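Note sheet for the following structure.
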Amino acid sequence: PKGLMWFRRDLRIDDNAALWQALRACRQVVCVFIFDKAILDALPRADRRVEFIRESLVALDTELRALGGGLIVRHAVAEDEIAALAKTLDVQAVFANRDDEPDAMARDARVFGALADVGVLLNVVKDKAIFERDEVLTQAGQPYTVFTPYKRAWLAKVDDFYLKPYPVRAYVDALAPPPADHRAPVPTLEAIGFKPTNLASLEIPTGAQGGAALFDDFVERIDRYDTARDFPAVRGPSYLGVHLRFGTVSIRQMAGTAHRLSREGSAGAATWLSELIWRDFYFQALAHRPDVARGKSFKPEYDKIIWHHGKHADGLFAAWCQGRTGYPLVDAAMAQINQSGYMHNRLRMVVASFLCKDLGLDWRRGEAYFATHLNDFELSSNNGGWQWASSSGCDAQPYFRIFNPVTQSERFDPEGKFIRRYLPQLAKLDNKVIHAPWTATPVELEAAGLKLGEHYPKPIVDHAEARERTLQRYAVVRKVA
Ligand code: FAD
């Protein structure tokens, strides 16, 4: 039989579950990727993720060609194109890795139908998680809504069977090159309607090779992850989020390595594994509650909250987006995401809390902003993170816990290194006042060459007052809960 491997968010050869299945099941396997107009049309014309994908496809195509295959890349509506290709290539089955995002599931259902019409099977398998959907449930057969017992059950279930890689290389003989009339280089960004971004100057490595290089670099420092990961000025995290998102690394390799090092006594590896388990936790939460992707709170009583709205609220939101809140750690964090598409995890928590609990704005506004700006945007984790911060989520921060943006700054950027990197106008302020420039004396401000309100904004809200307003706003939840 002949098969079609449809790459989506799994842009690698090694340890690719669907590719392994296709190569084992078929004598000949042709590979395709579709720049799906249904997804791309909604994006801004300069988008680092599209460029990341494009660069990774060039690498994938080169690697596939070296193995006797190659990649057909199309710019089309996936559901039309897959069925059309299946027909012209005369394949009996299409293979792909599962994506549980509601839009992706709806698309796959339509593709399944279109393929069924031409007598072709769509075969979708698990690849991007260690455990997904109903694989880890409570004793009572319910999905977990609290992380710690979920993690315990995850760790009790995991073994070599779930962590071992799919030996794709043993079967690559079945890779077939695209027929001559389908052979073409990967289209340029311009050809699919996009402009180049600053991805190259950020030195974000792309493709499976880039992912492997980042992972090797991280494994060298993984033992320090538990102590370093909370300090945004330190190279503590792995920066692998974008590679996990687009499958240029394999989760089995990541989790397998972390699991082994953790059993050998690395506290850093154990903590990192825990973060990967959070990823699975949010995947399964979304699979069980797809309504959260349509704006619903995980805890329905939180939908009774009335958020600050109107013109003033819009102004506050614009200041948050542009990093003009007057709170240096928040503004530096927003500069980080705006310039690079990355934001450190501690800062994601700080700015999300600031949006909901200092500015009183609807978390969905922040969620949407992150969704367009994060290179590693993952619907499940982003929604989970925002609902954690707004307290409406599964295993969320209690509503009465409100981060103090100044204290967070003093604790996690004690020397103001991160702030100085992104807000050079504050660079000359003393460590004592850099976290809250409005507390500096006129002499200190002058010595630092800083005029508040001119070079850097005065705070747009007073944290103590905002805290009181937030507790009142959340009172409707307390009454119901
Ligand atoms: P590392 O610290 O090296 O972690 C390794 C990997 O573990 C990450 O790449 C990610 O896949 C996973 N991970 C780590 N923390 C979490 C977590 N809390 N929840 C789920 N998975 C986690 N993560 C995303 O991948 N995409 C998002 O869109 C996203 N949005 C977020 C929004 C908010 C408001 C918050 C508070 C967190 C969000 N996170 C998101 C989780 C986390 O901040 C990022 O995964 C992490 O910062 C990515 O950087 P890294 O790869 O260097 O992480």
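No lab work stands behind these numbers, since they all come straight from the coordinates. The shown structure was predicted, so the numbers you read here are calculated from the model rather than taken from an experiment. Methodologically, a virtual Cβ is constructed for each residue, glycine included, from the backbone with ideal geometry; neighbour enumeration extends over all protein chains shown.
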**Inter-centroid distance (Cα atoms) of segment 195-256 relative to segment 343-358, Å** = 21 Å
**Request:** Go ahead and run the numbers for FRET between GLU301 and GLU203, Cβ-Cβ distance against an R0 of 56 Å, rounding to 0.05.
**Result:** 0.80
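Just the C-alpha atoms of segment 300-474: what Rg/Rh do they give, with Rh taken as the Kirkwood radius? It would help to have the intermediate numbers written out before the result.
Working: Rg = 15.8 Å, Rh = 16.4 Å.
Here the Rg-to-Rh quotient is 0.96.
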**Prompt:** Restricting attention to the alpha-carbon atoms of the chain, what are Rg (one decimal) and Dmax (integer), both in Å?
**Reply:** 23.9, 80
**Request:** For ARG183, put the label point 7 Å out on the Cα→Cβ axis and report which residues of segment 39-72 keep their amide N under 17 Å from it.
**Result:** 61-72
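Which of the peptides 410-416, 382-388 is most tightly packed, and how do the rest follow, going by the mean number of other Cβ atoms within 10 Å of each residue? Walk me through the numbers before you get to the answer.
Details: 410-416: 17.7, 382-388: 24.7.
Descending packing order for the listed peptides: 382-388, 410-416.
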**Complete:** In whole Hz, the Karplus estimates of ³J(HN,Hα) for segment 93-101 (6.51, -1.76, 1.60; θ = phi - 60°; x where Gly or Pro) are 8, 10, 10, 8, 8, 6, 9, 8, 5
**Prompt:** Quick one: Cα centre-to-centre distance for segment 372-411 and segment 28-44, in angstrom?
**Reply:** 31 Å
**Request:** Give me the aspartates and glutamates in straight-line cross-link reach of LYS417: C-alpha distance below 15 Å, same-chain residues under 8 apart excluded.
**Result:** ASP230, ASP331, ASP430
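Would you work out the relative contact order for segment 115-237, in percent, from Cα pairs under 8 angstrom that are 6 or more residues apart? Working shown, then result.
Working: 36 pairs, mean separation 10.8, N = 123.
Computed over segment 115-237, the figure is 9 percent.
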**Complete:** The Cα extents of segment 1-127 along the principal axes, largest first and rounded to whole Å, are 41, 34, 27
**Asked** Mind checking which lysines have their C-alpha under 28 Å from LYS2, skipping anything on the same chain fewer than 8 residues away?
**Response** LYS37, LYS87, LYS126, LYS128, LYS164
**Asked** What is the set of long-range amide H partners of GLY247 at a cut-off below 5 Å, with H atoms built 1.01 Å from backbone N?
**Response** LEU11
**Message:** Run the reach check for LYS357 against lysines, Cα to Cα strictly under 17 Å, same-chain hits fewer than 8 apart removed. What comes back?
**Reply:** LYS304
**Item:** ALA233 long-range amide H proximity, modeled H, under 5 Å
**Value:** PHE418
